[in-house]
1. Collect the residues in the stretch 13-58 that are of a type outside the set (A, V, I, L, M, F, W, C), modelled with pLDDT of 95 or more and farther than 19 Å from Phe190 by Cβ, keeping them in residue-number order.
2. Would you check if there is a residue in the stretch 212-231 being touching a Leu at 6+ places or on another chain (Cβ under 8 Å), within 16 Å of the ligand (Cβ to nearest atom), assigned to a loop (DSSP other than H, G, I, E, B) and farther than 24 Å from His131 by Cα?
3. Applying the selection to the stretch 74-116, what residues are within 16 Å of the ligand (Cβ to nearest atom), of a type outside the set (Gly, Ala, Ser) and under 24 Å from Arg208 (Cβ atoms)?
4. Tell me which residues, restricted to the stretch 37-77, are in a helix (DSSP H, G or I), without any contact (Cβ under 8 Å) to a residue 60 or more places away in the chain and surrounded by fewer than 16 Cβ atoms within 10 Å (Cβ to Cβ).
5. What tally of residues in the stretch 215-250 results from selecting those that are buried (at least 16 other Cβ atoms within 10 Å of the Cβ) and basic (Lys, Arg)?
Amino acid sequence: MKVKTKDYARQYETLWPELEPLVRSALFEDDPVLGRSVAHFEEELAAFHAVRHAIGVGSGTDALVLTLQALGVRDQQVLTNAHTFPGVVSAILLAGGEPVLVEPDRETGRPGAEHFARHLSARTGAILAVHLYGHPLDLPALSALTATHGIPLVEDCAQAHGALVGTRPVGSFGRASTLSFHPSKNLGAFGDGGAILTNDEALAQQLRIQRNLGKRDKYAFQCVAPNTKLDTLQAVLLRLKLRHLPSWLTRRRAIAARYLDALADLDGLMLPVVDRDTEPAWHLFVIRTEERDALREALAASGVRTGLHYPIAVPDHPAFQARFANTPCPIAREWARTVVSLPLSHEHEDQEIEHVIRTVRTFFETPRS
Ligand SMILES: *Cc1c(COP(=O)(O)O)cnc(C)c1O
């Protein structure tokens, strides 16, 4: 049996009957950028996250850069997860901020509010909380911490569409929150896309200008800004997928529950930890083992593809090496060395997941010579 990590063809095969007439009408709407479909999608996306405004942009990275710029972090420190998607660090630097890496808790891989608090100083401009793998950080505590210190909380929800803290969606806690619609994400476009969520009317207005060349209207350029808009075709596709997202999340949660149950007793394998009162979005199911490479080989030999998120710690990338030469991040490095992502998407079938489970169990139950 072959088990892929993602199966786009399978996804579009299922969606195509609904999608075909929508694509057709979008192409004939005569409204290719920032059109009606984008506005409708923004409204629906904001409602889904229980916030007032959503601003569609060209990518999740652009969403981060625009948000951090608008919040004025230039020459200030931005505290963020040390174990993370490295593009987040680039976004902070592109916005003129100074990234400060916050080591995570060793068991969960996530920093708590107390980890962020240790790095606060007069130079802190924002906390950028990344809900890595779809697991919410401690948003009540981070909201309280940032409120006390008078700095904005920004949530990176690129991997967490639909994750909950209690009954409240992630993305609704921060001054602003960012989403990515990269095809691999839980809510993925057919290409790049992103969005910013906020309840702040003035910030939303500013971001609408900043995503569109700094234009206030058709002719007046108000500020110097890039061109990073969400296009109509992606919006049409994303509107349809947003309607399916709740049932897709239910399926992801069922697969995660099955893995957690079926792999709980294996020595040498560490499973993801779910925090109390949170409902993860399960963008990725990341396990850890000292035998990562051998496990991946065994899975590959059984036709199972796996991913690595992420195998190189931030301080070890050529792009950041000099900057973080004195930032050892031993826990982030340990995670980078031991993580492996098992297949999990709403498209996976039970028999595929059972095949993965059998292969992982056999690997850990077979005595090593
Ligand atoms: C994917 C991702 C991004 C970047 O999104 P793009 O749309 O690919 O630019 C940012 N942060 C995290 C946590 C991500 O997973």
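1. Matches in the stretch 13-58: Glu43, His49, Arg52, His53.
2. The answer is yes, given that some residue of the stretch 212-231 is touching a Leu at 6+ places or on another chain (Cβ under 8 Å), within 16 Å of the ligand (Cβ to nearest atom), assigned to a loop (DSSP other than H, G, I, E, B) and farther than 24 Å from His131 by Cα.
3. Val78, Val88, Ile92, Leu94
4. To start, the set of residues in the stretch 37-77 that are in a helix (DSSP H, G or I) comprises 37-48, 60-70.
Filter once more, keeping what is without any contact (Cβ under 8 Å) to a residue 60 or more places away in the chain: 39, 43, 47, 65.
Correct list: Ala39, Glu43, Ala47.
5. Residues flagged as buried (at least 16 other Cβ atoms within 10 Å of the Cβ) and basic (Lys, Arg) within the stretch 215-250 amount to 4.
The values are calculated or read from the model by the stated rules, or taken from the named source; none is laboratory data. Worth saying up front: this structure is predicted, and the values here are computed from it rather than measured. Virtual Cβ from ideal backbone geometry, glycine too; neighbours counted across all protein chains shown.
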